[in-house]
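Chemist: Dropping the structure in here first, questions after.
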Amino acid sequence: MRRTHTDKHYVALIQRRLLRWYRRHARPLPWRRTKNPYRILVSEVMLQQTQVSRVLQKYPDFLRRFPTLQRLAASSPADVIRAWQGMGYNNRALNLHRLARLAAERYHGRLPGTPDDLIGLPGIGRYTANAVACFAFGASVATVDTNVRRVLSRVFPARLNADPWLVAERVLPKRSAYDWNQGLMELGALICTAKDPACGECPLVVHCPSAHRIVPALRVKSTERTRRSVPDRIYRGRVVEVLRSSRRSVSIISLRKSVIPDLASSERKWFAQILDRLERDGMIRVTRKNGDLRVSLPE
Ligand code: SF4
């Protein structure tokens with residue numbers, strides 16, 4: 001019989017199996033041992049584009065440096081960008097800082113607890129809003145990140161083209177939302193991986209219609225701008241890295257030399273565009289001093 005996500009018996013079976021597996025095998029990650037909304041928010045923002053192993057190293061340091069939303073709001077953007085060292089995608093640090101200041105103004109230094117209030121805060125999209133609402137405030141809402149999207153499309157493939165959020169909401173066990181959402185992510189991270197799912201070790205293998213049938217997805221060609229095959233975001237990261245290690249502003253000439261020692265004069269315009277974009281994003285500050293352009297983190 002063809003299974004669909006409207007088949008209640010099938011959905012209930014999958015729910016039971018996944019919940020049981022998660023409760024037995026979940027990794028004891030620090031953000032799973034707290035209900036503190038700020039701590040959960042920080043973990044979610046860090047995990048957006050950084051591997052768990054790296055987040056595990058940086059998460060405690062960041063929370064020691066900024067133990068509360070209020071302390072984060074009272075810091076300078078430069079302090080937060082410095083503390084973000086080693087995480088990559090520095091705009092997340094800046095957004096976290098903006099969010100803290102907005103929450104200080106609008107919500108007396110606390111995070112709001114509903115997805116509607118969370119969504120639209122700096123750096124917060126639908127996934128993070130629902131994740132914080134569910135994991136910190138106990139809201140019974142679905143969370144769809146890359147891992148969850150993949151697992152759902154394999155376990156409930158009948159509506160492959162359906163909106164994954166719609167599927168996620170329909171199959172959500174309302175009274176076990178936390179464990180279900182975490183369980184889907186855990187399964188996607190550890191077993192039902194993109195390229196090489198370990199179906200033989202999967203708690204859903206007996207029922208999953210995609211078991212042992214996954215063809216690795218073709219790599220989608222990146223549309224990112226590059227210089228000599230290195231994406232621009234790597235150079236953006238290097239600029240911030242140089243400024244992080246310098247307590248004072250840096251002249252644009254020495255910045256250029258530190259970031260790309262072999263920069264050709266024909267590439268200076270491209271480098272200026274990198275700086276323009278960083279400045280527009282609020283990641284750096286460019287000032288003119290004695291006819292010299294100087295660059296620093298935003299203090
Ligand atoms: S059986 Fe295989 S494809 Fe299905 S959920 Fe498990 S790992 Fe993924």
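The values are calculated or read from the model by the stated rules, or taken from the named source; none is laboratory data. Please read these numbers as outputs of a predicted model, since none were measured by experiment. Please note: Cβ atoms are built from the backbone with ideal geometry, for glycine as well, and neighbour counts cover all protein chains shown.
Chemist: Pull out all pairs, ordered by first then second residue, where Cβ-Cβ is under 7 Å, the residues are six or more apart or on different chains, the first lies in segment 182-211 and is of a type in the set (Ser, Thr, Tyr), and the second is surrounded by 15 or more Cβ atoms within 10 Å (Cβ to Cβ).
Modeler: Cβ pairs passing all conditions: Ser210/Arg154; Ser210/Pro157.
Chemist: Go through (1) touching a residue at least 24 places away in the same chain (Cβ under 8 Å); (2) in contact with an Asp or Glu (Cβ under 8 Å, 6 or more places away or on another chain) for Ala83 and report which single condition fails.
Modeler: (1)
Chemist: How many of the residues in segment 258-280 are of a type in the set (Phe, Trp, Tyr) and closer than 12 Å to Val239 by Cα? Steps first, answer last, please.
Modeler: Start the filter on segment 258-280 by keeping residues that are of a type in the set (Phe, Trp, Tyr), which leaves 270-271.
Adding the requirement that they be closer than 12 Å to Val239 by Cα leaves 271.
So the count comes out to 1.
Chemist: With Arg247, Arg277, Arg268 as the choices, which residue is at pLDDT below 90 and farther than 30 Å from Cys202 by Cβ? Can you show your working first?
Modeler: Working: Arg277 fails: at pLDDT below 90; Arg268 fails: at pLDDT below 90.
Answer to the check: Arg247.
Chemist: A further question on this structure: How about segment 144-199: which helices (runs of 4 or more DSSP H) wholly inside it have at least 1 residues that are surrounded by 15 or more Cβ atoms within 10 Å (Cβ to Cβ), of a type in the set (A, V, I, L, M) and more than 14 Å from the ligand (Cβ to nearest atom)? Spell out the reasoning first.
Modeler: On the way: elements: 146-155, 164-171, 177-190.
So the answer is 164-171, 177-190.
Chemist: Surrounded by fewer than 10 Cβ atoms within 10 Å (Cβ to Cβ), free of Cβ contacts under 8 Å to residues at least 24 places away in the same chain, more than 16 Å from the ligand (Cβ to nearest atom) and not aromatic (Phe, Trp, Tyr): which single residue out of Ser258, Ser245, Ser254, Ser266 fits that description?
Modeler: On the way: Ser258 fails: surrounded by fewer than 10 Cβ atoms within 10 Å (Cβ to Cβ); Ser245 fails: surrounded by fewer than 10 Cβ atoms within 10 Å (Cβ to Cβ); Ser254 fails: surrounded by fewer than 10 Cβ atoms within 10 Å (Cβ to Cβ).
Just one listed residue meets the conditions, Ser266.
Chemist: Of all helices (runs of 4 or more DSSP H) completely enclosed by segment 89-140, which ones contain at least 2 residues that are assigned by TED's automatic domain parsing to the domain that holds Arg233, within 23 Å of Arg71 (Cβ to Cβ) and among the β-branched types (Val, Ile, Thr)? Before the answer, list the steps.
Modeler: Numbers: elements: 91-106, 115-118, 126-137.
In segment 89-140, there are no helices (runs of 4 or more DSSP H) which contain 2 or more residues that are assigned by TED's automatic domain parsing to the domain that holds Arg233, within 23 Å of Arg71 (Cβ to Cβ) and among the β-branched types (Val, Ile, Thr).
Chemist: For segment 206-218, does any single residue satisfy the condition of being outside any helix (DSSP H, G or I), within 16 Å of the ligand (Cβ to nearest atom) and of a type in the set (Lys, Arg)? Steps first, answer last, please.
Modeler: Taking segment 206-218 first, the residues outside any helix (DSSP H, G or I) are 206-218.
Then keep just the ones that are within 16 Å of the ligand (Cβ to nearest atom); that gives 206-217.
Those still in the list that are of a type in the set (Lys, Arg) too: 213.
Yes, segment 206-218 contains a residue that is outside any helix (DSSP H, G or I), within 16 Å of the ligand (Cβ to nearest atom) and of a type in the set (Lys, Arg).
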